[in-house]
Amino acid sequence: MAKILIVEDDPGVAATIEDPLELEKHTLDIVADGKLASEFLHQYEYDLIILDVELPGINGIDLARKFRSRGGATPILMLTGKAALEDKMAGFTAGVDDYLTKPFHPKELVARVQAILKRTSSSLADSIKLRHLTMDMTSKQVWREEEEAKLSPLEFALLHFLLVHPGEVFSQETLLNRVWPSDSERLPDTVRTTVRKLRQKIDLPDKESLIVNVHGSGYKIISDQPERA
């Protein structure tokens, strides 16, 4: 799963993108204006950008070029109603990684997103195992020994982020940036509350927590290297 910025000014198309990606448990930010998207890219970090060409404020080609010129490396999947080769070449020249021509089927969108993320990230392993815990990325389920841990989408996203960065310490501010949607409540207490609830669901009674609070620095998953399959 990933944190994805969707830049699309047509509400119908935006919904066609949002619905299947939410089912895949991705964290989504959706904006309808190129200028606002540029501000989001300055403020937040994403694993993927889904970018329309025709946008108010700044068009998609110019936005991609501007993002790449300042060192932005996040992969970009561009949406366009133009199938002409010269139009696509303009996007590739600006730094776009892949194209999807409108209209598109939601299954093709999901397949393109998965393909890009697999090329650019190790976070799409079929499963991740850590001690008594198993996260199945195909079924989007988490198991504590033989019992399923029923996680909210945000709890799932936070656990996945920590599992794919074993032993790394992340401040509350970084977790809010990398895991939480931009329109959600973004307070330190939100992180603490989510971690507390997550521990209750994934930890074994009378055993040390898998999530460690590093005093003055933030949180990390225990340093045992998770097994990936």
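The values are calculated or read from the model by the stated rules, or taken from the named source; none is laboratory data. Remember, predicted model here, so these are calculated numbers, not experimental data. Neighbour counts run over all protein chains shown; Cβ positions are idealised from the backbone, glycine included. Remember, those area values only see protein heavy atoms, side chains included, never the ligands or the DNA or RNA. Shrake-Rupley method; radii C 1.70, N 1.55, O 1.52, S 1.80 Å.
Here are some notes:
- The packing ranking of peptides 91-98, 186-193, 112-119, 203-210, highest mean first, is 91-98, 112-119, 186-193, 203-210, where packing means the average number of other beta carbon atoms within 10 angstrom of each residue.
- Within the listed set Ser184, Ser38, Ser152, the Gaussian network model of the chain (springs between alpha-carbon atoms below 10 Å) gives the highest mean-square fluctuation for Ser184.
- Put simply, the amide H of Thr27, placed in the peptide plane, has neighbours under 5 Å in Ala2, Lys3, Ile4, leaving out anything fewer than 5 places away on its chain.
- With the convex hull constructed from alpha-carbon coordinates only, the stretch 19-160 shows a mean projected area of 9.3 nm² over all directions.
- In the stretch 1-65, the C-alpha radius of gyration followed by the widest Cα-Cα span (Dmax) gives 11.1, 31 angstrom.
- Of the whole protein surface, Met89 contributes about 100 Å² of accessible area at a 1.4 Å probe radius.
- At a probe radius of 1.4 angstrom, the accessible area of the stretch 57-177 per residue rounds to 49 square angstrom.
- Top positive-direction residue, dipole computed over the chain with Cβ charges, set Val164, Val110, Ala90: Val164
- DSSP finds beta bridges in the stretch 7-123, and of those with both partners inside it, around 0 percent are antiparallel.
- Accessible surface of the stretch 129-223, 1.4 Å probe: 46 percent of it comes from carbon and sulfur atoms.
- Taking a point 7 Å out from the Cα of Asp136 in the direction of its Cβ, the residues of the stretch 148-164 whose backbone N falls within less than 12 Å of it are 148-149.
- Apportionment of accessible area to carbon and sulfur, the stretch 1-105, percent (1.4 Å): 53 percent
- Each other residue within a Cβ distance under 14 Å of Tyr44 adds +1 if Lys or Arg and -1 if Asp or Glu, for a net charge of -3.
- Radius 12 Å from Cβ of Leu23, net charge of other residues (Lys, Arg +1; Asp, Glu -1): -1
- Of the trypsin sites (Lys or Arg not before Pro) found in the stretch 52-98, those in coil by DSSP whose Cβ has at most 16 other Cβ atoms within 10 Å are Arg70, Lys82.
- Here the dipole of the chain is about 520 debye; that uses its Cα centre as origin and unit charges on the Cβ of Lys and Arg (positive) and Asp and Glu (negative).
- A cut-off under 14 angstrom between Cβ atoms defines the neighbours of Asp97, and their net charge, with Lys, Arg +1 and Asp, Glu -1, is +4.
- Antiparallel bridge percentage (DSSP; both residues within the chain; nearest 5): 50 percent
- Restraint check, Lys107/Lys140; Lys107/Lys150; Lys66/Lys220; Lys25/Lys150; Lys25/Lys88, Cα-Cα greater than 23 Å: Lys107/Lys150; Lys66/Lys220; Lys25/Lys88
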